[in-house]
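One structure is given here, and the rest of the page talks about it.
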Amino acid sequence: MVKVRDQRRAALLESLGELLQESDLDSINIADISRRAGVTRSAFYFYFESKHLAVAALMEQVYDGAMLATERFADPDLSPAERVHGMVTTLFDTAEEHTHLFRAMLDARGQSPAVREMWDSDRQSFVGLVADLVRTERAAGRAPDGPDPDALAAMLLELNDRALERLTLGALDRDALTEAVVSIWVRSIFATDPATDPATDLETA
């Protein structure tokens with residue numbers, strides 16, 4: 001019975017993912033999702049309270065991309081700019097691979113307090129990781145002392161949120177956005193200008 005439930009939930013998420021590639025979230029209703037998944041409306045509500053929360057569940061598939069981005073930032077064998085550039089590129093690649101989903105998540109986040117809370121919680125889960133990396137860099141002498149690591153990490157991750165939003169909505173050119181975000185991260189943590197980092201070739205990083 002548990003396996004059947006898992007299959008139904010997976011079918012609903014697959015159905016929603018397909019529909020989001022064809023239309024925006026506001027144009028999709030529960031009946032559309034359920035019909036394509038081959039289940040009833042009541043079955044949908046067994047798993048999700050709303051389509052907004054279903055979008056949040058679908059976003060789990062891009063969580064690995066955020067984790068990989070953090071791992072790129074943690075590589076001490078690379079220069080600061082290379083590390084940050086690798087992180088930002090990984091995030092942006094993930095967003096562009098799932099543009100329809102990110103746009104739906106932005107809509108869901110704006111319309112559902114529960115989804116907004118989940119989004120903020122997911123971002124908060126990375127604050128500790130980034131803050132610990134900042135502490136490690138400072139202890140190793142690779143970064144100067146500066147603002148409280150937790151506060152700094154929170155603000156930089158907020159910046160990533162805004163950058164992903166602008167990238168997804170096509171508000172800014174990707175190359176220009178990447179350069180700006182990398183510069184802010186590198187200067188905030190390492191007090192270094194990425195454009196003059198001799199160990200870095202941002203075209204191939």
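Pick from the stretch 12-63 the residues that are under 16 Å from residue 111 (Cα atoms) and outside any helix (DSSP H, G or I): which of them is most open to solvent (accessible area, probe 1.4 Å)? My answer is 49. Of the residues in the stretch 68-76, at least one is of a type in the set (A, V, I, L, M, F, W, C), open to solvent by 10 Å² or more (accessible area, probe 1.4 Å) and without any contact (Cβ under 8 Å) to a residue 60 or more places away in the chain. Scanning the stretch 75-90 turns up no residue that is in a helix (DSSP H, G or I), charged (D, E, K, R) and farther than 22 Å from residue 194 by Cα. Close contacts from the stretch 105-121, counting a first residue that is more than 19 Å from residue 24 (Cα to Cα) and a second that is surrounded by 17 or more Cβ atoms within 10 Å (Cβ to Cβ) and of a type in the set (A, V, I, L, M, F, W, C), with Cβ to Cβ under 9 Å and a gap of 6+ residues or different chains, come to 114/56; 118/56; 118/59; 119/56; 119/59; 119/105; 119/108. Counting the residues of the stretch 153-163 that are within 12 Å of residue 189 (Cα to Cα) and either touching an Asp or Glu at 6+ places or on another chain (Cβ under 9 Å) or open to solvent by 20 Å² or more (accessible area, probe 1.4 Å) (or both) gives 2.
Count of the stretch 178-195 residues, restricted to those that are closer than 16 Å to residue 156 by Cα and without any contact (Cβ under 8 Å) to a residue 24 or more places away in the chain, is 4. Every listed requirement among (1) within 30 Å of residue 142 (Cβ to Cβ); (2) surrounded by fewer than 16 Cβ atoms within 10 Å (Cβ to Cβ) is met by residue 80 save one, (2). Just so you know, in the stretch 107-132 the residues that are in contact with a Ser or Thr (Cβ under 8 Å, 6 or more places away or on another chain) and buried (at least 19 other Cβ atoms within 10 Å of the Cβ) include one that is farthest from residue 81 (Cα to Cα), and it is 112.
The values are calculated or read from the model by the stated rules, or taken from the named source; none is laboratory data. This one's a predicted model, so the numbers in the text were calculated from it and none came from an experiment. No Cβ is skipped: glycine too gets one built from the backbone with ideal geometry, and neighbour counts run over all protein chains shown. Each accessible area value is taken on the protein alone, full model and side chains, heavy atoms only, with ligands, DNA and RNA left out. Shrake-Rupley method; radii C 1.70, N 1.55, O 1.52, S 1.80 Å.
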